[in-house]
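One structure is given below, encoded as structure tokens.
The values are calculated or read from the model by the stated rules, or taken from the named source; none is laboratory data. Note that the coordinates shown come from a computational prediction; the quantities given were computed from them, not determined experimentally. Cβ placement follows ideal geometry from the backbone for every residue including glycine, while neighbour counts extend to all protein chains displayed.
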Amino acid sequence: MLKVNNVTKTYGKNDMAFDALKNINVEFKPGTTTAIIGKSGSGKSTLLHILTGLDRPTNGDITDDGKSIFKDFDTDTWRGQSIGIVFQQFFLQPNNSVLENVALPLKIQGVKKKERLAKAQIALDKVDLGERAKTRANDLSGGQKQRVAIARALVTDPTLLIADEPTGNLDSENSQNIEDLLFELNKKIGTTIIIVTHDEDLAKRCQKVIYLKDGVVVKGLK
Amino acid sequence: MRILDIAGTANSNLRRSKLRTFLTLLSISIGTFTLALSLGLGQGVRNYITSQLGEYQDVNLYQVTRQGANGVGAGFGNNEPVKYDPTKNTASADISQNFLKDSDLATLKDTEGIANVQLPYAASFEYATSPDGDKYQAPTEVRVPQIPVKVVAGGDINTESKDNIMLSRKYIALAGADSSEQAIGKQVSFTYKNASGQIVNKMFTVKGVFEPTLVDLPIKINQIDTQQIAEAQAPFGKPSFYYVYVSRTSNLTNEQFKKNLKAKNFDANSLADINNTLNGIVTGVQISLAAFSGIAILASIIGVINTLFMAVLERTREIGLFRALGAKRKTVFALFAVEATLLGIWGSITGLVAAFLAQLAINNIAANTFLKGIEGIQLLNITAPQVAIIIVAIASITLIAGLIPALKASRLDPIEALRYE
């Protein structure tokens with residue numbers, strides 16, 4: 001279980017110091033869906049970066065099954081193996097095939113080509129894009145690109161999938177499809193999902209909603 | 001990330017910006033091209049010198065002169081004035097000042113380390129007449145047994161081979177022959193003037209044909225006849241010698257031997273010295289040419305640094321993505337470092353291919369134009385070790401050039417990188 005323990009993040013120093021997060025305590029139980037919601041500047045992105053180990057808290061810690069992700073793990077390796085991240089802007093490699101894009105995290109982990117492509121194909125099948133494996137990423141629609149990004153996040157069999165505004169760049173129909181896909185994956189595979197969003201309708205579909213305002217959790221229950 | 005995947009990713013990254021990669025490779029390959037040609041030229045000339053003089057490297061034979069006789073005294077327009085010394089005979093037109101006197105020869109024989117002294121008698125002929133009656137100029141030298149010759153037909157002549165000569169392979173027309181084998185046993189008449197101006201004819205038999213080198217005269221005559229003719233041609237029957245051949249005893253090193261001679265006012269030069277001097281000159285020229293190539297390579301290195309900095313900027317978001325997907329800083333560093341190394345490898349291979357093509361063309365043109373007639377010379381000769389050294393050196397240099405961009409890439413904040421527009 002991933003736990004946020006008393007996390008504070010301060011930017012700047014002395015008179016210019018600014019707390020983006022203040023004493024945050026949250027836990028994400030396995031197999032649950034959680035939405036982190038709040039306005040721009042509320043601290044959502046900062047919390048996401050700290051949750052994924054891309055940034056370090058000024059105070060406090062993040063633990064995975066009781067172990068600090070910063071002290072007890074090699075944070076980069078932990079992130080690669082335990083976390084799948086879905087970005088608003090997809091971040092696909094446009095000239096590479098869909099299959100190569102999905103296999104990228106495994107390539108970074110040093111998995112052999114044959115094995116990683118096989119796993120990538122399985123991940124693509126999970127998002128119903130198995131038949132587009134050889135298509136160039138640039139030739140896909142926005143919705144399909146986000147499906148590929150989700151497959152890429154799933155390919156390492158992570159314990160936690162973090163989606164940062166996953167429908168922010170999509171039209172309403174595609175947004176709906178992607179939301180449905182995320183919740184379906186949660187039900188079928190049991191992946192713990194955290195969605196960072198400012199979309200209240202999407203947040204309402206999650207089992208838990210964390211409202212952030214000025215770096216503080218103002219509501220932590222649904 | 002596995003090293004093969006890093007190399008594959010770096011290689012496909014290079015293919016993304018085709019024009020920029022092409023221009024960078026072009027600049028590296030121009031540097032490599034000039035470096036390979038300058039090394040190949042040095043090697044080609046060195047090979048030729050070795051083919052001509054290499055066998056002389058271990059010959060125990062020195063040409064000994066009076067000290068300074070090989071240098072230039074007063075008398076040449078571009079020299080500094082030399083103070084007059086009344087104890088020395090230095091009349092500028094008197095070249096006899098450098099001839100070895102009987103006392104010099106006696107001193108030499110008494111010098112420690114001298115195994116024997118040979119007088120280099122030289123006969124001078126007006127012409128030679130072939131069995132067909134054709135007359136030819138006849139540049140000759142005495143056959144010195146210690147100096148190796150490559151016999152291509154017949155046999156060598158030794159000190160006892162009276163009335164025998166050897167001809168260069170290119171001089172067999174003197175024997176009226178079309179092949180080296182045909183020349184053996186043929187009689188050639190040589191004509192010379194004695195000291196009183198009388199014409200004398202002497203018949204010689206061709207005993208051997210040899211492959212000529214740079215330092216060979218085309219006709220070699222046995223020592224007995226050479227001495228007789230030289231004495232007949234010299235005033236009062238006493239030839240003068242500017243130098244003599246000496247051999248060194250085995251108990252002294254080359255350096256000790258030369259030092260002994262120097263102490264008694266003699267200079268000694270071996271055939272190996274000539275070989276080494278020529279090779280030294282070639283090495284000097286080679287280094288100078290390589291230095292010019294170095295400037296071209298340096299310019300291309302700036303191109304490599306620029307290319308990689310551009311690549312880091314262009315791929316900032318991708319670097320952020322890699323980090324977000326679990327890549328360590330060192331993986332990002334390795335991706336760019338390998339990319340720089342690959343630029344060096346591909347650039348040097350391209351330059352070497354061009355250099356090999358140029359080598360083929362230049363050697364072909366040279367053999368048919370300005371080097372026509374010089375057998376055995378291959379002007380450019382790029383060797384396999386040189387190829388390996390060039391590729392490793394260029395790849396190492398581009399790797400070093402890529403370290404700063406690679407470091408910059410690896411130090412990017414992944415969050416900022418993902419936000420980069």
Looking at the range B:1-40, which of the residues that are within 14 Å of chain A (Cβ to nearest Cβ) and β-branched (Val, Ile, Thr) is surrounded by the most Cβ atoms within 10 Å (Cβ to Cβ)?
B:9
Taking the stated definitions as given, is residue B:43 in contact with a Phe, Trp or Tyr (Cβ under 7 Å, 6 or more places away or on another chain), away from chain A (no Cβ under 14 Å) and in contact (Cβ under 8 Å) with a residue 24 or more places away in the chain?
no
I'd like to check something: does the range A:81-102 contain any residue that is within 12 Å of chain B (Cβ to nearest Cβ), among the β-branched types (Val, Ile, Thr) and out of contact with any strand residue (DSSP E or B) (no Cβ under 9 Å at 6 or more places or on another chain)?
yes
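Residues checked against (1) farther than 20 Å from residue A:101 by Cα; (2) in a loop (DSSP other than H, G, I, E, B):
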| position | (1), (2) |
| --- | --- |
| A:148 | no, no |
| A:152 | no, no |
| A:168 | yes, yes |
| A:179 | yes, no |
| A:182 | no, no |
Test: residue in the range B:95-110 that is assigned to a loop (DSSP other than H, G, I, E, B) and not assigned by TED's automatic domain parsing to the domain that holds residue B:192
yes
Tell me, yes or no, whether the range A:35-42 has at least one residue that is within 14 Å of chain B (Cβ to nearest Cβ), within 16 Å of residue A:3 (Cα to Cα) and crowded, with 21+ Cβ neighbours inside 10 Å.
no
If you go through the range A:1-19 one residue at a time, how many are touching a residue at least 60 places away in the same chain (Cβ under 8 Å) and within 18 Å of residue A:194 (Cβ to Cβ)?
4
Wholly enclosed strands (runs of 3 or more DSSP E) of the range B:183-274 bearing at least 1 residues at negative phi and surrounded by fewer than 14 Cβ atoms within 10 Å (Cβ to Cβ):
B:199-211
Out of the residues in the range A:60-69 meeting the condition of being of a type in the set (Gly, Ala, Ser) and in a strand (DSSP E or B), tell me which one is farthest from residue A:1 (Cα to Cα).
A:60
Search the range A:103-149 for residues being away from chain B (no Cβ under 14 Å) and touching a residue at least 60 places away in the same chain (Cβ under 8 Å), and hand back the single one that is nearest to residue B:322 (Cα to Cα).
A:146
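Here is a yes/no grid of residues against (1) modelled with pLDDT of 95 or more; (2) out of contact with any Cys (no Cβ under 9 Å at 6 or more places or on another chain); (3) surrounded by fewer than 18 Cβ atoms within 10 Å (Cβ to Cβ); (4) within 14 Å of chain A (Cβ to nearest Cβ):
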{"site": "B:304", "(1), (2), (3), (4)": "no, yes, no, no"}
{"site": "B:311", "(1), (2), (3), (4)": "no, yes, no, no"}
{"site": "B:334", "(1), (2), (3), (4)": "yes, yes, no, yes"}
{"site": "B:337", "(1), (2), (3), (4)": "yes, yes, no, no"}
{"site": "B:342", "(1), (2), (3), (4)": "yes, yes, no, no"}
{"site": "B:355", "(1), (2), (3), (4)": "yes, yes, no, no"}
{"site": "B:381", "(1), (2), (3), (4)": "no, yes, no, no"}
Write out, first by first residue and then by second, each pair whose Cβ atoms fall under 6 Å of each other, whose residues are 6+ apart or on separate chains, and whose first residue, in the range A:46-71, is more than 14 Å from chain B (Cβ to nearest Cβ) and over 16 Å from residue A:210 (Cβ atoms) while the second is among the aromatic types (Phe, Trp, Tyr) and outside any strand (DSSP E or B).
none
Anything in the range B:347-388 that is outside any loop (DSSP other than H, G, I, E, B) and of a type outside the set (A, V, I, L, M, F, W, C)? List them, or say none.
B:347, B:348, B:350, B:351, B:359, B:363, B:364, B:368, B:385, B:386
Of all the residues that make up the range B:117-175, how many are charged (D, E, K, R), part of a strand (DSSP E or B) and under 15 Å from residue B:217 (Cα atoms)?
2
Condition first: of a type outside the set (A, V, I, L, M, F, W, C) and either more than 27 Å from residue B:55 (Cα to Cα) or modelled with pLDDT under 90 (or both). Now tell me which residues in the range B:223-242 satisfy that.
B:223, B:228, B:231, B:233, B:235, B:237, B:238, B:239, B:240, B:242
Any hit, the range B:175-184, residues being over 20 Å from residue B:231 (Cβ atoms), in the same structural domain as residue B:254 (by TED's automatic domain parsing) and among the small types (Gly, Ala, Ser):
no
Given the conditions (1) within 13 Å of chain B (Cβ to nearest Cβ); (2) in contact with a helix residue (DSSP H, G or I) (Cβ under 8 Å, 6 or more places away or on another chain); (3) modelled with pLDDT under 90, and given that residue A:171 satisfies all but one, which numbered condition is not satisfied?
(1)
